[in-house]
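> Pasting a structure below so you can have a look.
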Amino acid sequence: MADVYTPKKEDKFSFGLWTVGNPGRDPFGDPTRQSLAPERIVQRLSELGAWGINLHDNDLVPIDATPQQRDKIVRDFKNALKNCGMVVPMATTNTFSHPVFKDGGFTSNDPKIRAYGLQKIMQAIDLGVELGAKTYVFWGGREGAECNVAKDPIDALKRYRDGLNYLCDYVRDQKYDLNFALEAKPNEPRADMYFPTTGHYLAFIETLDYPEMVGVNPEVAHEHMAGLNFHHGVAQALEAGKLFHIDLNDQRFGRYDQDFRFGSEDYKSAFLLVRLLENNGYAGPKHFDAHAFRTEDEDGVWDFAAGCMRTYNILREKAAQFEADAEIQGILKEIGNQNPEYEQHLGKYSPEKSLALKQVQFDIDAMGRVGLGYERLDQLLAELMLGVR
Ligand code: GLT
Ligand code: MN
Ligand code: MN
């Protein structure tokens, strides 16, 4: 039954073909359900209220398809999109499944493999643009190492940069309206992956030939695998104007790569994230890069998909409730209005300001004794989240 949490197209929720299409395989076990046809995925997601569907080249077109087969597959998929009012906001390339990429695409020691990688990515970019994608994600699944003496990590970074610069030029040359979003992950499937966190990518982007074309695609699970605070990482990306896309899911700290349903594990982190996105005008796709538990059949897959979107909307309402709560807002106002007369000493440096600041007497013991009241605030948040407020 529809209610206020039921997703709508304007919520801009998207899923990857590989997410709901995940057959429940893991390193120790065979698939537990059948793969779903792309057309069925498009139709069911649309019925559930999703807006977009993302894909790797080979989620749609098998790696060994002939040009004729490719054209038919793409035609059928476009028809399904049109019939269901679904869009493809983002596309990406699979440079990790085939054995040819076992030591990376961009960063392979073998120039023949790097050349094949570039060729495959250009073809996948063409496909993504044909389907309407505006964002192109790069997740360097095999860009890493087990044997860390086999590849010089400085060479690896240079090769990665050369590859991205080449592809930015390709996009410009083709006059495509397409930006790149780089997705970090610390490990899995490689022992160590280059660019393990969103922060690593934010620094790297500034060294590219066209930094304005390139942003990040942070994923909840990937930062949690690194033991980091996702809310803070996304804030840095937002503040830098680099949050081009986002992968929502969930993950327990210290575990294998789980890709759980959004908001299924850590409600508080998920709340902080949704509040951050909603309060800072993030208008991009809200993409769920997750999959149903291995215990599920197809019905469970749709429960999973509906659950991701519903939880986002519930948390959005909780965030609005937090902004409208007089007691909470009163505390936040007090926190934000302490000692306003000292603002004059802050901000941009001037010689006069520094001279004046050097004259100020601070009673640091008295300042250090002031209690901040964050316990009360944090408990109010807990009560709001737990539904008793
Ligand atoms: C893969 C990975 C994801 C990436 C996808 C895009 S593929 O499922 O685990 O985090 O976003 O390449
Ligand atoms: Mn993941
Ligand atoms: Mn992802």
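> Give the percent of DSSP beta bridges with both residues in region 151-304 that are antiparallel, rounded to the nearest 5.
Expressed as a percentage, antiparallel bridges in region 151-304 total about 10.
> Sorted by average packing, counted as other Cβ atoms within 10 angstrom per residue and highest first, what order do 34-40, 48-54 take?
48-54, 34-40
> Identify, among GLY144, THR295, ASN313, the residue whose Cα sits farthest towards the positive end of the charge dipole of the chain, taking +1 on the Cβ of Lys and Arg and -1 on the Cβ of Asp and Glu, with the dipole about the Cα centre.
It is GLY144, whose Cα lies furthest towards the positive end.
> If I stretch the segment between ASN165 and CYS147 completely, what's the gain in nm (0.36 nm per residue apart, minus their alpha carbon distance), one decimal?
3.8 nm
> Using 0.36 nm per residue of separation minus the Cα-Cα distance, give me the extension gain between THR295 and ASP173 in nm, one decimal.
39.2 nm
> What is the local net charge at MET385, summed over the other residues whose Cβ is closer than 9 Å to its Cβ (Lys, Arg +1; Asp, Glu -1)? Mind showing how you got there, number by number?
Numbers: positive: LYS268, LYS318, ARG389; negative: GLU383.
Neighbour charge sum, excluding MET385 itself: +2.
> I've got another one for you. Could you order the peptides 80-86, 195-201, 328-334 from most to least packed, using the average number of other C-beta atoms within 10 Å per residue?
In decreasing order of mean packing, 80-86, 195-201, 328-334 become 195-201, 80-86, 328-334.
> Here's something else I'd like to know. Could you tell me the center-to-center distance, by alpha carbons, between region 320-336 and region 66-116 in angstrom?
47
> Something else about it: Looking only at ARG70, ARG190, ARG114, which one moves most when the chain is put into a Gaussian network model with springs between Cα atoms under 10 Å?
ARG70
> For region 275-344, run through the chymotrypsin sites (Phe, Trp or Tyr not before Pro) and keep only the ones in DSSP coil with at most 15 other Cβ atoms within 10 Å of their Cβ.
Passing sites in region 275-344 are PHE293.
> Got a sec? Charge dipole of region 26-96, +1 on Cβ for Lys and Arg, -1 for Asp and Glu; which of THR32, ALA65, ASN79 is way out at the positive end?
ASN79
> Taking every DSSP beta bridge that has both residues in the chain, what percent is antiparallel when rounded to the nearest 5?
Of the beta bridges lying entirely in the chain, close to 15 percent run antiparallel.
> When we measure straight from the Cα of LYS102, which aspartates and glutamates land under 16 angstrom away, once same-chain ones fewer than 8 places off are left out?
Hits, sequence-local ones excluded: ASP110, GLU143, GLU146, GLU188, ASP192.
> Something else now. Test of understanding: in a Gaussian network model of the chain with alpha carbons linked when under 10 Å, which of GLY140, GLY347, GLY128 would top the mean-square fluctuation ranking?
GLY347
> Also: Can you give me the relative contact order of region 25-180 as a percent, contacts being Cα pairs under 8 Å and 6 or more apart?
22
> Moving on. With N set to the number of residues, divide the alpha-carbon radius of gyration of region 268-345 by 2.2 N^0.38 Å and report two decimals.
1.60
> Right, something else. May I ask you to derive the relative contact order of the chain, considering only C-alpha pairs under 8 Å and at least 6 residues apart, and to give it as an integer percent?
On the way: 598 pairs, mean separation 56.9, N = 389.
Computed value for the chain: 15 percent relative contact order.
> Calculate the length of the line joining the C-alpha centroid of region 147-210 to that of region 220-291, in whole Å.
Here the two parts' Cα centres lie 20 Å apart.
> Order by neighbour count: HIS224, HIS245, HIS98, fewest other Cβ atoms within 10 Å first, most last.
Going from least to most buried by this count: HIS98, HIS224, HIS245.
> In the structure shown, do any of LYS9/LYS134; LYS8/LYS134; LYS8/LYS120; LYS78/LYS158; LYS185/LYS286 have a Cα-Cα gap over 27 Å, and if so which? Intermediate values should be presented prior to the final figure.
Working: LYS9/LYS134 17 Å; LYS8/LYS134 21 Å; LYS8/LYS120 35 Å; LYS78/LYS158 37 Å; LYS185/LYS286 19 Å.
Check vs 27 Å cut-off fails for LYS8/LYS120; LYS78/LYS158.
> Going from the alpha-carbon gyration tensor of the chain, what semi-axes, largest first and in whole Å, does one get by taking the root of 5 times each eigenvalue?
Listed largest to smallest, the semi-axes of the chain are 40, 28, 20 Å.
> Compute the FRET efficiency between ARG70 and SER35 as 1/(1 + (r/R0)^6), taking r as their Cβ-Cβ distance and R0 = 22 Å, and round to the nearest 0.05.
That pair, ARG70 with SER35, gives E of 0.75.
> Moving on to the next point. For labels at ASP110 and VAL388 in the simple 7 Å Cα→Cβ model, what's the distance in nm?
About 6.2 nm separates the two model spin labels.
> Another question about this same structure. Once you have the Kirkwood Rh of region 312-389 from its Cα pairs, apply Stokes-Einstein at 4 °C and 1.567 mPa s and quote D in µm²/s.
Details: Rh = 15.7 Å.
Calculated translational D: 82 µm²/s.
> So how far apart, in nm, are the two label points at GLU352 and ARG25 if each is 7 Å from Cα heading toward Cβ?
In this crude label model, GLU352 to ARG25 measures out at 7.0 nm.
> Label point 7 Å out from TYR210 along Cα-to-Cβ: which residues of region 157-173 have amide N under 11 Å?
Within reach of a label on TYR210, which here means backbone N under 11 Å from a point 7 Å along Cα→Cβ, region 157-173 contributes 165-173.
> Let me ask something else about it. Which residue fluctuates the most in the chain, going by a Gaussian network model with Cα springs under 10 Å, if the choices are VAL137, VAL149, VAL301?
Looking only at VAL137, VAL149, VAL301, the biggest GNM fluctuation is shown by VAL149.
All of the numbers you see were taken from the coordinates with simple rules; none came from a lab. No experiment lies behind these values; they were computed from the predicted model shown. Every residue, glycine as well, gets a Cβ built from its backbone with ideal geometry; the counts of neighbours run over all protein chains shown.
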